[in-house]
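What follows is a single structure, written as structure tokens, with notes after it.
The values are calculated or read from the model by the stated rules, or taken from the named source; none is laboratory data. Everything quoted here is computed from the prediction, not taken from an experiment. Here Cβ is always computed from backbone atoms with ideal geometry, including for glycine, and neighbour counts include all displayed protein chains. These area figures cover heavy atoms from the full protein model, side chains too; ligands, DNA and RNA do not enter into them. Shrake-Rupley method; radii C 1.70, N 1.55, O 1.52, S 1.80 Å.
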Amino acid sequence: MTLAILPKRTDGRPISDLPVYFAVGLEAGAVIALQIAIMRIFAIGSWAHFGSLVVSLAMLGFGLMSTIMCIAKDWFARHWRFVCGFALLSFGPLAVAANLLAQQVPFNAIFLVSDPNQKWRLLANFLLYFTPFLAGAAFLGSVFLQARTRFNRVYFADLLGSGLCGLVVLLAMYVFAPEDLILAPLVLWVAAAAAWFMAVEGRRALTALLAVAIATFGAHLWLAPALGISKLAVSDYKGVAYARKFPDSQRVYARNSPFGYLEVYASSYLHFAPGLSDNAAFNLKAFPANAYEGLYLDGDGPSGIIRALPAAETDYYFYLPMIYPYLVKPQGDAFVVQFGGGLSTAVALTKSKRVTVAESNPAVLDAFLHDDGLRRFTGDILHDGRVTVVGYEGRLYLAHAPERYDVIDLSLADSTGLSNPGGFSIVEKFAYTREAMQTYMRALKPGGVLAVTLWNKEEPPKSVLKLYATMVAAAKANGDAQVAREFFAVACYLSTTTVLYEKGGFSDSEIALLLKHTKAMSFDAIYYPGFHYDETQTARILDGFHNQIFFDASQPPGDDLVAPDAGAAPDAGPPEASVDPAISMGQLAWHSLIAGSFSDIAKRYVFDARPLTNDRPYFAAYIKPLDLPRILDRLELVQDEWGYLLLWATLGVAALCASTLIVLPVIFGWRTVFSSAPGKLRTILYFACLGAGYIMVEVGLIAEFVQALSNATVSAAILITGMLVASGLGSLTSERFLARAPATLPKLLACIGVLLIAYGLFIHAPLDWIGTFPYGLRLFFCFLLIFPPAFLMGFPMPTAMGSLARLEKDHMFLWAWGINGCFSVIGAALVPLVATSFGLSAVLYLSGAAYLIAIPAFFGVILPNAGKSAWNEASSRP
């Protein structure tokens, strides 16, 4: 069988179907693999994975190429062999050159606001990485144009190849170091080009491919190291960059996997004292020397790995905030929600009979369970007879386990890097949501204590206010009647905040004991039962923080943020009250939370302080959207929100580029094509809905599935694989319904819309359930969960494109492909903004609405050109 729409080979022989399908699938897979590789490079080299930006880059390449092809359709139709061959030969060299050159551009994300040159360096990075996607789009677009009457089958090959190769690159992360992960898309590229040239060109083209491939792989593997060119430049401001520069720095462990690039460094210069009281330096008889090694995940860190301390040095733990729950619940059963570097587990073992510890990252568990060096350093902590290890999320284990605990500890689950849990990147934090806190509270024994310690390095306070609101919301949602007596909160200035919750409420003796310890450590009491807050200070505190950000630029604010003593009940014997404004704001927040008036305070506060939920699990996006225009002239005041602000900038650029690329073909082809083409506006609407709707489901569900898979990279690979494979099967199946498209497709679009809205309403419960299974089963169940909507979502695009081809609307065919790509750019940028403002469910609601809006728009797509056959006659053609 041959593809009738492709001319014969240059030697007169027919072109076989199968190699062409393989070439399309493998090249589409190479494009997906390159996207994932670039995301990993950004994740390790900078502070954010830039996932939305990378997806936007790829889709923008498709949008631009479709515009060029639409304007010059006849030229591309005549020279399709040259275009396909040149694009294939160019993809690999462009990918390697773009990466090597981009790594030499000294872009530093943290200075994006303060240094104007960084904007140009960022632009240079994106333009460089854009070029290989343009080559990939040229090949795929040319094949789509030639195979337009068989679009369903070619699109099936495109989606199936993209999906399966996404899974391949996930497995490649076990084999290739991060700086060499680009080899995965290169291998797929060589296979795609070989399949194409064997089918279409012949041996001479294969010889050229071999020469180009040798040069490409050689440039990455041998030329770059020989010339001292970095293949992955890590920012000087990432945690691991500091560790590598210590004079006696030694990397004692390293492992690459889909769960992150894990490194452990040892150095006498490495000090990790999370919330350690200043009084430790004066009171400890034996201060532990060289007590820590640093654990870094994708360059972020350190998470402290503490060595096994001898008995004479264990008093050190007494000066850490993690000791708080054990002051009132010694020698009980403890549960550590996340192992991390093991510090919380070490503290728990000194004060508890038994400790159950959970860790969701298999790479971390493997390191501490099996690496001889780490086992010696930590005293083989995870093989201690008192320790039980849970190999997945602690919140998911506690939701289904019958055991109850005296202490549940969630302390410093994130690294000390500024991006975690701060605002540099939009990262899901499901361990801190209201639903997670409810689970922890229900898993306590009567009188049991939940302890949460969070980094508190922000001024004005942001993350900690969300934590306070989340924990109180959880207690109230559980129906607790004595919320005022169930909490105790302390802070170490610009270091950590610790919140204690006791099931049933703290006794007077426990409160006195905790206050005594707080005073002895010189910590700040934020809240405790019986705490008195002076409400007359509320307006001054809120106005002070507001003026700190939104002052009149012509009259910079003075130092008016110091609040007077908030005071406390004189018989409670609290430590001396702090006048620090962040402490005062914390005290105000607790007072309003207990009194039930926090919603009003949150509205008046300068930053977003809403609780975290499974639907909105973000310690990020603190700037309220309506305030964005007011901070554009003072961005230096909110540099910890650059990741969030960059998303808005990306959306604006994406919208501008998309509208330009959509309009250009109309301008150049108005007289010859578009003036007589019916249904133009409805065609834009239809393919815009498909492009934005599909990508929003994909990117939104990647974030949702982190709830079950506990890792963004794995979630991305599984979602991409699952959705594209299922959609590819849908595309192949859709060919059977093409003749009946006007009757069947509207019903199908309605089913997709309703199904996506239903997923938005109910998806969290099954994801919680899936997260309790062994990892292999989790992947399988996630694939099953996404299959129904993804399969149906494979129908609308090829059905509409096939309809345009049958109606001989070739320019509209290319234009529609570009519209789909351009609005995919917008949709990818829109997802994190919608999720942080309205929740992940809102992303699925919008996607469902997009497919419903596409129903009436479809009837504009199938309108025939003037003087051409109507749909019924056209649909009868082969």
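Between LEU295, LEU270, LEU276, which is touching a Cys at 6+ places or on another chain (Cβ under 9 Å), of a type in the set (A, V, I, L, M) and under 30 Å from TYR237 (Cα atoms)?
Values: LEU295 fails: touching a Cys at 6+ places or on another chain (Cβ under 9 Å); LEU270 fails: touching a Cys at 6+ places or on another chain (Cβ under 9 Å).
So the residue among LEU295, LEU270, LEU276 that is touching a Cys at 6+ places or on another chain (Cβ under 9 Å), of a type in the set (A, V, I, L, M) and under 30 Å from TYR237 (Cα atoms) is LEU276.
Residue by residue through segment 679-726, note down the ones that are more than 30 Å from SER360 (Cα to Cα), buried (at least 24 other Cβ atoms within 10 Å of the Cβ) and not hydrophobic (A, V, I, L, M, F, W, C). Hits for segment 679-726 are THR683, TYR686, GLY691, GLY693.
Inspect all residues belonging to segment 515-524 and state whether any of them is among the charged types (D, E, K, R) and either within 29 Å of the chain's Cα centre (by Cα) or not in a strand (DSSP E or B) (or both). Checked against the condition, which is being among the charged types (D, E, K, R) and either within 29 Å of the chain's Cα centre (by Cα) or not in a strand (DSSP E or B) (or both), segment 515-524 yields at least one hit.
Between LEU284, LEU297, LEU309, which is of a type in the set (A, V, I, L, M, F, W, C) and within 35 Å of the chain's Cα centre (by Cα)? It would help to see each step written out before you state the result.
Values: LEU284 fails: within 35 Å of the chain's Cα centre (by Cα); LEU309 fails: within 35 Å of the chain's Cα centre (by Cα).
Every option except LEU297 fails the conditions.
Note on segment 749-863: no enclosed helices (runs of 4 or more DSSP H) hold 3 or more residues that are among the basic types (Lys, Arg).
Could you tell me whether ILE819 is touching a Gly at 6+ places or on another chain (Cβ under 8 Å), among the hydrophobic types (A, V, I, L, M, F, W, C) and at pLDDT below 90? In short, yes.
Residues VAL264, VAL200: which one is touching a residue at least 24 places away in the same chain (Cβ under 8 Å), open to solvent by less than 20 Å² (accessible area, probe 1.4 Å), in contact with an Asp or Glu (Cβ under 7 Å, 6 or more places away or on another chain) and farther than 23 Å from LEU100 by Cα?
Values: VAL200 fails: in contact with an Asp or Glu (Cβ under 7 Å, 6 or more places away or on another chain).
The unique qualifying residue is VAL264.
ALA4 satisfies every condition listed in (1) of a type in the set (Gly, Ala, Ser); (2) at pLDDT 75 or above; (3) open to solvent by 40 Å² or more (accessible area, probe 1.4 Å) except (2). Listed by first and then second residue, the pairs linking a residue in segment 210-237 that is open to solvent by 60 Å² or more (accessible area, probe 1.4 Å) to a residue that is of a type outside the set (D, E, K, R) and in a helix (DSSP H, G or I), with Cβ atoms under 6 Å apart and 6 or more places separating them unless they lie on different chains, are TYR237/ILE110. Pairs are defined by a Cβ separation below 6 Å, a sequence spacing of at least 6 or placement on different chains, a first member in segment 154-169 that is farther than 16 Å from TRP189 by Cα and at pLDDT 85 or above, and a second member that is in a helix (DSSP H, G or I) and open to solvent by 20 Å² or more (accessible area, probe 1.4 Å); the pairs so defined are PHE156/LEU732.
The requirement of being open to solvent by less than 40 Å² (accessible area, probe 1.4 Å) and within 26 Å of CYS492 (Cα to Cα) is fulfilled somewhere in segment 395-407, by at least one residue. Quick one: is PHE783 modelled with pLDDT of 85 or more, open to solvent by 30 Å² or more (accessible area, probe 1.4 Å) and within 18 Å of the chain's Cα centre (by Cα)? The answer is no for PHE783. Taken over segment 74-90, the criterion of being modelled with pLDDT of 90 or more, open to solvent by less than 70 Å² (accessible area, probe 1.4 Å) and not hydroxyl-bearing (Ser, Thr, Tyr) is satisfied by VAL83, CYS84, GLY85, ALA87, LEU88, LEU89. Summed over segment 220-256, the residues that are over 29 Å from the mean Cα position of the chain (by Cα) and hydroxyl-bearing (Ser, Thr, Tyr) give a count of 1.
When restricted to residues that are surrounded by 24 or more Cβ atoms within 10 Å (Cβ to Cβ), of a type in the set (A, V, I, L, M) and closer than 23 Å to HIS764 by Cα, segment 830-857 contains 7. The residues in segment 576-635 that are of a type in the set (Gly, Ala, Ser), touching a Gly at 6+ places or on another chain (Cβ under 8 Å) and open to solvent by 20 Å² or more (accessible area, probe 1.4 Å) can be counted, and the count is 1.
Counting only residues that are assigned to a loop (DSSP other than H, G, I, E, B) and either at positive phi or surrounded by 18 or more Cβ atoms within 10 Å (Cβ to Cβ) (or both), how many does segment 461-492 have? Before you say what the answer is, go through the steps one by one.
To start, the set of residues in segment 461-492 that are assigned to a loop (DSSP other than H, G, I, E, B) comprises 461-462, 478-482, 486.
Now drop any that are not either at positive phi or surrounded by 18 or more Cβ atoms within 10 Å (Cβ to Cβ) (or both), which leaves 461-462, 479-480, 486.
Residues that pass the stated criteria total 5.
Annotation for segment 292-303: no member residue is assigned to a loop (DSSP other than H, G, I, E, B), modelled with pLDDT of 90 or more and touching a Phe, Trp or Tyr at 6+ places or on another chain (Cβ under 9 Å).
For segment 308-338, filtered to residues that are farther than 17 Å from LEU276 by Cα and without any contact (Cβ under 8 Å) to a residue 40 or more places away in the chain, the residue that is surrounded by the fewest Cβ atoms within 10 Å (Cβ to Cβ) is ALA311. Filtered by the rule that a residue be at pLDDT 85 or above, touching a Ser or Thr at 6+ places or on another chain (Cβ under 7 Å) and among the aliphatic types (A, V, I, L, M), segment 612-657 gives a lone residue, LEU612. For ALA281, the conditions (1) touching a helix residue (DSSP H, G or I) at 6+ places or on another chain (Cβ under 7 Å); (2) outside any loop (DSSP other than H, G, I, E, B) all hold with the exception of (1). Tallying residues that are among the hydroxyl-bearing types (Ser, Thr, Tyr), open to solvent by 20 Å² or more (accessible area, probe 1.4 Å) and either assigned to a helix (DSSP H, G or I) or under 18 Å from MET797 (Cβ atoms) (or both) within segment 127-186 yields 3. Taking (1) in contact (Cβ under 8 Å) with a residue 12 or more places away in the chain; (2) open to solvent by 60 Å² or more (accessible area, probe 1.4 Å) in turn, ASN279 satisfies each apart from (2). Here is the figure for segment 370-379: residues that are closer than 25 Å to ILE323 by Cα, open to solvent by 10 Å² or more (accessible area, probe 1.4 Å) and in contact (Cβ under 8 Å) with a residue 12 or more places away in the chain total 3. The criterion of at least 1 residues that are under 19 Å from TYR316 (Cβ atoms) and out of contact with any Lys or Arg (no Cβ under 7 Å at 6 or more places or on another chain) is met, among helices (runs of 4 or more DSSP H) falling completely within segment 338-393, by 343-351. Selection of segment 355-367 for residues being open to solvent by 10 Å² or more (accessible area, probe 1.4 Å) and at pLDDT 95 or above yields only THR356. Residues in segment 242-270 that are modelled with pLDDT of 90 or more and in a helix (DSSP H, G or I): ALA243, ARG244, LYS245.
Of everything in segment 91-112 that is open to solvent by less than 40 Å² (accessible area, probe 1.4 Å) and part of a loop (DSSP other than H, G, I, E, B), the residue that is modelled with the highest pLDDT is VAL105. Among the criteria (1) crowded, with 24+ Cβ neighbours inside 10 Å; (2) at positive phi; (3) of a type outside the set (Lys, Arg), the one GLY530 does not fulfil is (1).
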